[in-house]
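What follows is a single structure, written as structure tokens, with notes after it.
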Amino acid sequence: MNPIVKGFFDHDTWTVTYVVYEKLGSPCAIVDSVLDYDPKSGRTSTKSADQVIDFVKANKLEVAWILETHAHADHLTAAPYLKEKLGGQIAIGDNIRTVQKVFKAIFNLEPGFSTEGVQFDHLFSDGEVFQIGNLQADVMALPGHTPACVAYRVGDAVFVGDTIAMPDVGTARCDFPGGDAAQLFKSIKKLLSLPPETRLYMCHDYPPEGRDVCFETTIAEERARNIHVNDGVNEAKYVEMRTARDKTLAMPVLILPSVQVNIRAGNFPPAEDNGVSYLKIPLNAL
Ligand SMILES: [Fe+2]
């Protein structure tokens, strides 16, 4: 059984949030939500998440899962807000524990910060099968961009996270802590071995000049036309290109706030004795 997929594009972070469901009134999953964050003021808002909530309510959907494809470095997740408003279990790949260990050290987080992933309701292992109502879903571990990256396959639709982008955009960067270009190449090959007609849904789109935002493609399209990993590119060529290109990229504007919140499943750091929650900026660490 194949799902209905509704995408919400966030123009501030170029992120797409998806609602995945069988039909009106059925259970659903929300994939990669956005909590709006203004880095100038340190203020968050729920405008983007509220659009998703309105859609879920209008379609009488029942939230079973709030899924993360990885700990994002370019936006904060709204998972706890969505859970509070709609219910559902917050889940991510089980290698989030590796990511938590890396960033606990970088941010020198409080001793009580668990690196066992207990902040999430569920950790998925590679190949794990789950249900979204009557929809059959499974998890593909696709490390490389980050160690914890997974794709969620629901019927003929796959939510690929940052692993791969639209064919004219390419693939994810591999220079964050724990990233690995050779590993990403292998992960992408695993993804692209699915049936050619499989629908792929991107976590982002950064459209080249002259193209409108678009975040759905197919395995066949990626294999034929992806500028980084089409069928004519081998691992050595890919790693050389990816490594050279990553050296030219600045860090995402929101990497420091995003990671600190997202490795806590979207919760803010514990409030200090004045009741305010603070984010840290490690100097010369990234
Ligand atoms: Fe990412």
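Quick note: the coordinates plus some simple rules give every number you see, no bench work behind them. Small disclaimer: the values here were computed from a predicted structure and weren't measured. Note that we place each Cβ from the backbone using ideal geometry, even for glycine, and neighbour counts take in every protein chain shown.
Amide H contacts under 5 Å for D36: S45, K47, S48, A49, restricted to partners 5 or more places along the chain or on a different chain, H placed in the peptide plane at 1.01 Å from N. Once backbone amide H atoms are built at 1.01 Å from N, L286 has no partners under 5 Å, excluding neighbours fewer than 5 places away on the same chain.
Quick one: work out Rg over Rh on the C-alpha atoms of region 92-236, Rh as Kirkwood radius. The Rg/Rh ratio comes out at 1.00. Among 276-285, 170-179, the peptide with the highest mean count of other Cβ atoms within 10 Å heads the list, and the full ranking is 170-179, 276-285. Cα-based radius of gyration for the chain, normalised by 2.2 N^0.38 Å, reads 0.96. For the cross-link pairs K47/K85; K23/K57; K23/K60; K101/K190; K40/K104; K6/K47, the ones whose C-alpha atoms lie over 19 Å apart are K101/K190; K40/K104.
A simple packing score, the average count of other Cβ atoms within 10 Å per residue, orders the peptides 104-115, 68-79 as 68-79, 104-115, with the highest score first. The Cα center of region 1-54 and the Cα center of region 171-248 differ in position by 23 Å. Under a 5 Å amide H cut-off, with hydrogens placed 1.01 Å from N, Q136 pairs with G155 among residues at least 5 apart or on other chains. The protection proxy used here, the mean number of other Cβ atoms lying within 10 Å of each residue, ranks peptides 55-61, 12-18, 242-248 as follows, highest first: 12-18, 55-61, 242-248. Legend: calculated FRET efficiency, D50 to N134, from the Cβ-Cβ distance at R0 = 25 Å, rounded to 0.05, equals 0.35. Beta bridges per DSSP, both residues in region 1-134: antiparallel share near 60 percent.
Across the alpha-carbon set of region 1-131, the Rg to Rh ratio works out to 0.98, Rh being the Kirkwood radius.
The Rg/Rh ratio for region 117-203 is 0.97, where Rg is the radius of gyration of the alpha carbons and Rh is the Kirkwood radius. The string of couplings for region 19-26 from the Karplus curve (6.51, -1.76, 1.60, θ = phi - 60°) is 10, 10, 7, 7, 6, 3, x, 9 Hz, one whole number per residue in order, with x for Gly and Pro. With a cut-off of 12 Å between beta carbons, the residues surrounding D138 carry a summed charge of -1, where Lys and Arg count +1 and Asp and Glu -1.
A simple spin-label model places the labels of A285 and D12 2.4 nm from each other, with each point 7 Å out along Cα-to-Cβ.
Each DSSP beta bridge with both residues in region 92-227 is either parallel or antiparallel, and the antiparallel ones are about 75%.
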